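Below is one structure, written out as structure tokens, with a few remarks after it.
All of the numbers you see were taken from the coordinates with simple rules; none came from a lab. Fair warning: this is a prediction, and the values are worked out from it, not measured in the lab. Here the Cβ is made from the backbone with ideal geometry for all residues, glycine too, and neighbour counts use every protein chain on show.
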Amino acid sequence: MSNIYLVGFMGAGKSTIGRSLARRLKRRFIDLDREIVRGEHRSITEIFEEFGEPHFRTLETEYLTRLSTTENAVIALGGGAFMDPANRAVAEQSGVTVWLKVSFATVVTRVKMDGTRPRFGNKADVERLFNDREDVYRLARIHVSAEESPNTVVDQIVGAMRTL
Ligand code: S3P
């Protein structure tokens, strides 16, 4: 139960908050996407283009399962990772799950259409994906609004963890 898993949509701030939370709690920070990129020697976009999304999802599960044996880490998941029940089970069994909640309007202002996120396509599709995923993110143990500054969000997470 020792890891902290950050979940939420693209642009929720999982990597930024994760780094800040890890610093505050003196824990190691792990970014799942970055580990996949490092291990596969390819960008996320290249993995999607060369092998397809199902292969990326398989890699996500493999890397997450391996990293979940780390102790006392803060682990940022990619926006789609929590959709897989197997990944949710791995996270729940090895730590606390935290949903960084943001509005769709905030996502739009934060995420650039720079081609680095294959699931961030046209606005109507992204909004549908956002709405579809909300019910699953809600399964996380702790919910915090991630609209505020990283410091404030970190305070909220630390406070919520004390009540567990
Ligand atoms: C994805 C989110 C991305 C990355 C991949 C797929 C998704 O991570 O894992 O592009 O399906 O929402 P971020 O949420 O860190 O952007």
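Observations
- Here the sum of -39500 (n - 2.57) over DSSP H runs of 4 or more residues, divided by the residues of the chain, equals -16500 deg cm²/dmol at 222 nm, to the nearest 500.
- Other-chain or far-sequence residues with amide H under 5 Å of residue 74's (modelled H): 4, 28, 29, 30
- Fewest-first ranking of 58, 69, 16, using other Cβ atoms within 10 Å as the exposure measure: 69, 58, 16
- Of the trypsin sites (Lys or Arg not before Pro) found in the stretch 1-63, those that fall in a DSSP loop while having at most 10 other beta-carbon atoms within 10 Å are 26.
- Compactness of the stretch 93-141 - radius of gyration and Dmax, Cα, Å: 12.6, 36
- Taking 0.36 nm per residue of separation and subtracting the current Cα-Cα distance, fully stretching the chain between residue 84 and residue 55 would add 9.1 nm.
- Each pair of Cα atoms in the stretch 1-87 enters the Kirkwood radius, and Stokes-Einstein at 37 °C and 0.692 mPa s then converts it into a translational diffusion coefficient of 249 µm²/s.
- Karplus-derived 3J(HN,Hα) values for the stretch 10-27, using 6.51 cos²θ - 1.76 cosθ + 1.60 with θ = phi - 60°, are 3, x, 6, x, 4, 6, 5, 5, x, 5, 5, 5, 5, 4, 4, 8, 6, 10 Hz; glycine and proline are entered as x.
- In a reduced charge model with +1 at each Lys and Arg Cβ and -1 at each Asp and Glu Cβ, the stretch 112-160 shows a dipole moment near 200 debye about its Cα centre.
- The stretch 41-127: GluC sites (Glu not before Pro) falling in loop per DSSP and having at most 12 other Cβ within 10 Å: 71
- Of 41, 143, the sequence from fewest to most neighbouring Cβ atoms within 10 angstrom is 41, 143.
- Based on C-alpha pairs under 8 angstrom that are at least 6 apart in sequence, the chain has a relative contact order of 35 percent.
- Potential extension, residue 46-residue 15 segment - 0.36 nm per residue separation minus Cα distance: 9.1 nm
- log10 of Debye I(q)/I(0), alpha-carbon scatterers only, for the chain at 0.09 Å⁻¹: -0.27
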